[in-house]
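Enquirer: Have a look at this one before I ask anything.
The values are calculated or read from the model by the stated rules, or taken from the named source; none is laboratory data. These figures come from a predicted structure and were not determined experimentally. Methodologically, a virtual Cβ is constructed for each residue, glycine included, from the backbone with ideal geometry; neighbour enumeration extends over all protein chains shown. Keep in mind that these areas ignore ligands, DNA and RNA; they rest on the heavy atoms of the full protein, side chains included. Shrake-Rupley method; radii C 1.70, N 1.55, O 1.52, S 1.80 Å.
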Amino acid sequence: FHFGHEAFFLLYLNDEVFTDTNGTLVKQVKNAIQSELKLILVHETDIQNGGVPFDRIVAQTPRELLIDPCNIFGDIAVPLYTFEEYRKVSLRMILCKMRDSTAKSTRNNWFGS
C-alpha cells in the first residue's frame, strides 16, 4: 500500500498466516523488511474470518521472522474486531499507524535522523 509518499506492507494475521508450504509469504515479508517498507500488522479476531489467539500466530511464525533483523512483532498488531462498530475503529487504527509512520518519516527527513 502507498500512503502519501510512504509504502507499507500490511500483514494480515489469521489462522492461515505462514502456513503456505513453499514459504512465499516469509520471502515477501523478508523482502519488505529489506526494502525498508513499514510493516503494519493486523490481527484478525473474528473466528469466522480465521481469527485465533495471538500466541498461535506467534507459534506458527518462522523463527527467522521472530528474531533480528526481522523481529516482526517488535510493533504492536492492530486487533481487527468482530463487531461492525469496533471493526470500524480497528480500520481507523490501521490508517492512524500509516499516518503516524509517515509523519515520523517526514520528521526524520526534516531533522536529518
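Enquirer: What's the carbon and sulfur percent of the chain's accessible surface, probe 1.4 angstrom, rounded to a whole number?
Expert: 56 percent
Enquirer: Which Cα, out of 11, 62, 83, lies furthest along the positive dipole direction of the chain (beta carbon charges, K/R +1, D/E -1)?
Expert: The one lying farthest along the dipole's positive direction is 11.
Enquirer: What nm value, rounded to one decimal, do you get for the distance between residue 88 and residue 20 when each label is placed 7 Å out toward the C-beta?
Expert: 3.4 nm
Enquirer: Right, here's the next one. If you roll a 1.4 Å probe over the heavy atoms of the protein chains, what accessible area per residue do you get for the chain, in Å²?
Expert: On a per-residue basis, 67 Å².
Enquirer: I want to make sure I understand the PRE zone here: with the label point 7 angstrom from the Cα of residue 102 toward its beta carbon, which residues in the stretch 27-70 have backbone N atoms less than 19 Å away?
Expert: The answer is 36-42.
Enquirer: Of the beta bridges DSSP finds with both residues in the chain, what % are antiparallel, to the nearest 5?
Expert: 20 percent
Enquirer: Given +1 on the Cβ of Lys and Arg, -1 on the Cβ of Asp and Glu, and no further charges, what dipole in debye does the chain carry about its Cα centre, rounded to the nearest 20?
Expert: So the magnitude is around 400 debye.
Enquirer: Enter the mean projected area of the convex hull around the alpha-carbon atoms of the stretch 1-77, in nm², rounded to one decimal.
Expert: Taking the Cα atoms of the stretch 1-77, their convex hull projects to 5.4 nm² on average.
Enquirer: May I ask which residue of 33, 102, 49 lies farthest towards the positive end of the charge dipole of the chain, with charges of +1 (Lys, Arg) and -1 (Asp, Glu) on Cβ and the Cα centre as origin?
Expert: 102
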